[in-house]
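**Q** Submitted below is the structure of interest, expressed as structure tokens.
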Amino acid sequence: MQKKQTATIYDVASRVGVSLATVSRVVNGNSNVRESTKRKVLDAIEELGYHPNAVARGLASKKTTTIGVVMPDVTDMYYSELARGIDDVANMYHYDVLLTNTDEDPVRETMAINNLASKQVDGIIFMGNELDREVLKTISSVDAPVVLAGSIDAEKVLPSVNIDYIAATKEAVEMVVKNGHERVALVTGPMEYAINKQHRLVGYQAGLEAAGQEFDEDLLFASHQDYSAGYQIADKIFATNATAAIVHDDEVALGIMNYMRDQGKSVPEDFEIITSNDTKFAIVTRPALTSIGQPKYDIGAVAMRMLTKLMNNEVVDNMQVTLPHTFEKRGTTIN
């Protein structure tokens, strides 16, 4: 069976008897075309099944109606829910989305941004736990707006959408301290990351201070974002006689909880846990994990809406958007 040939702009021009430039003007919404000619071109496009290439349209309009999304891990539930918000709003404003996975490798992040720029995307949304110096340098060189979603820019130069991680961590500490805990561990990602050093750690210390407790560096722990990392680091937490933990990631929190239960500890009676991302992991486990409630879908949606404004040179009143957080109290805390 012979494969059906894809219609081209040349076929449309030939069918109507007009120039390629005229077809291009119609495709790109240029008003400088007679209404009767425009109707003939549109009819021919429908009859022939012609689908204008986005990049080709961009050569004329200087827009490709395509945005790029840089993700550290497409399988991570936290980032995938942000991506849903991005995609829904992108679709609402008729933008296609190019998704890239970087494994949170700065080299791959730099390559991804450059590759998206070479494809002439109209804008980029960046997600990740840290902005490497080279990544920032690459972002500043790109001729397209970039918005951060759920990511911290230590210098607060780039447009971003987040929650108040300082306030959320402080409130989490205060919650377990009220339950009688005097040794509360903080589990984060690498402490050199701005989100951990300048936000989670600051909130943790503020929570301890508000409760009249001394800060103990031995209760600080850094882990990768997976279950096995949580299970392994729980051994060190256990050795400090901590009775509660504030954890940066749901899989890590799940690993810590299971380790404690394997050691004969009852959760939450002997050990309380508050996690941070409120993904499905926090709900399906038993006991379910108490979590900081992040509006993940909204973070992605608001970031995409901000990007549409920047791409269209509209005024953006607030370039550093902070969305409200909540607490989802479940089975790993007493109250």
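**Q** Amide H neighbours of E272 under 5 Å, at least 5 residues apart or on other chains, H built in the peptide plane: list them.
**A** So E272 has HN proximity to A244, A245.
**Q** By a straight-distance test (C-alpha under 12 Å), which aspartates and glutamates pair with K236 as possible cross-link partners, with residues fewer than eight away in the same chain excluded?
**A** The reachable aspartates and glutamates, counting only those whose Cα sits under 12 Å from K236, are D218.
**Q** Per residue of region 236-248, what does 6.51 cos²θ - 1.76 cosθ + 1.60 with θ = phi - 60° give for ³J(HN,Hα)? Whole Hz please, x for Gly and Pro, Karplus curve as stated.
**A** 6, 5, 4, 5, 8, 6, 5, 10, 7, 8, 9, 10, 7
**Q** Under a straight-distance cross-link criterion of Cα-Cα below 28 Å, which lysines are reachable from K137, leaving out those fewer than 8 residues away in the same chain?
**A** Excluding near neighbours in sequence, the set is K62, K63, K119, K156, K197, K296, K309.
**Q** Follow-up. Report relative contact order for the chain in percent, whole number only (criteria: Cα-Cα under 8 Å, sequence separation at least 6). Mind dumping the intermediate values first?
**A** On the way: 629 pairs, mean separation 55.0, N = 335.
RCO, the chain: 16 percent.
**Q** Any lysines with Cα under 17 Å of the K40 Cα? List them, leaving off those in the same chain fewer than 8 positions away.
**A** none
**Q** If you find the alpha carbon centre of region 262-318 and of region 74-149, how far apart are they in angstrom?
**A** With region 262-318 and region 74-149 each reduced to a Cα centre, they are spaced 19 Å.
**Q** Return the distance in nm (one decimal) between the two label points of a simple spin-label model at E182 and K137, each offset 7 Å from Cα along Cα→Cβ.
**A** Taking the simple label geometry, E182 and K137 are separated by 5.1 nm.
**Q** Would you calculate a helix-derived [θ] at 222 nm for the chain, using -39,500 (n - 2.57) for each DSSP H run of n ≥ 4 and dividing by the full residue count, to the nearest 500?
**A** Numbers: 13 runs with 147 residues, N = 335.
It comes out at -13500 deg cm²/dmol, rounded to the nearest 500.
**Q** Taking 7 Å along the Cα-to-C-beta vector as the label spot, tell me the V74-Y297 distance in nanometres, rounded to one decimal.
**A** It works out to 2.2 nm between the two label points.
**Q** Related question: With viscosity set to 1.306 mPa s and temperature to 10 °C, compute the Stokes-Einstein D of region 9-52, Rh being the Kirkwood radius across alpha carbon pairs; µm²/s, no decimals.
**A** 159
**Q** Still on this structure, I have one more. Calculate the dipole size of region 165-294 relative to its Cα centre from +1 charges on Lys and Arg beta carbons and -1 charges on Asp and Glu beta carbons; express the result in debye to the nearest 20. Can you show the working numbers first?
**A** On the way: 10 positive and 19 negative charges, 50 e Å.
The dipole magnitude comes to about 240 debye.
**Q** Next question, about the same structure. Please compute the length gained on full extension between F215 and L98, using 0.36 nm multiplied by the number of residues separating them and subtracting their Cα-Cα distance.
**A** On the way: separation 117, 0.36 × 117 = 42.12 nm, distance 4.45 nm.
Full extension of this stretch gives 37.7 nm more.
**Q** Still on this structure, please answer the following. Can you compute 3J(HN,Hα) from phi for each residue in region 301-316, using the Karplus curve 6.51 cos²θ - 1.76 cosθ + 1.60 with θ = phi - 60°, rounded to whole Hz and x for Gly and Pro?
**A** Going residue by residue, I get 5, 5, 4, 5, 5, 4, 5, 4, 5, 5, 5, 9, 6, 8, 6, 10 Hz, with x marking Gly and Pro.
**Q** Name the shape class, rounded, prolate or oblate, that the alpha-carbon gyration tensor gives for region 165-294, where a ≥ b ≥ c are the square roots of its eigenvalues, rounded holds for a/c under 1.5, and otherwise prolate holds if a/b is larger than b/c and oblate otherwise.
**A** Values: a/c = 1.37, a/b = 1.20, b/c = 1.14.
Note, shape of region 165-294 comes out rounded.
**Q** I'd like the accessible area for M319: 1.4 Å probe, protein heavy atoms, all chains in place, Å² to the nearest 10.
**A** Surface accessible to solvent at M319 totals approximately 70 Å².
**Q** Mind checking the full-extension length gain between Q320 and I9? Use 0.36 nm per residue of separation minus the Cα-Cα distance, one decimal, nm. Kindly include the intermediate steps, with their values, before the conclusion.
**A** Values: separation 311, 0.36 × 311 = 111.96 nm, distance 4.32 nm.
Value of the extension gain: 107.6 nm.
**Q** Before anything else, pin down the relative contact order of region 9-52: Cα pairs under 8 Å, at least 6 apart, normalised by residue count, whole percent. Provide the component values of the computation, followed by the final result.
**A** On the way: 33 pairs, mean separation 19.6, N = 44.
The value is 45 percent.
**Q** Comparing I45, I246, I256, which has the greatest mean-square fluctuation in the GNM of the chain with Cα pairs linked when under 10 Å apart?
**A** I45
The values are calculated or read from the model by the stated rules, or taken from the named source; none is laboratory data. Because the structure is predicted, anything quoted here is derived from the model rather than measured. In this analysis, Cβ positions are derived from the backbone assuming ideal geometry, glycine residues included, and neighbour counts consider all displayed protein chains. These accessible areas exclude ligands, DNA and RNA; they are computed on the full protein's heavy atoms, side chains included. Shrake-Rupley method; radii C 1.70, N 1.55, O 1.52, S 1.80 Å.
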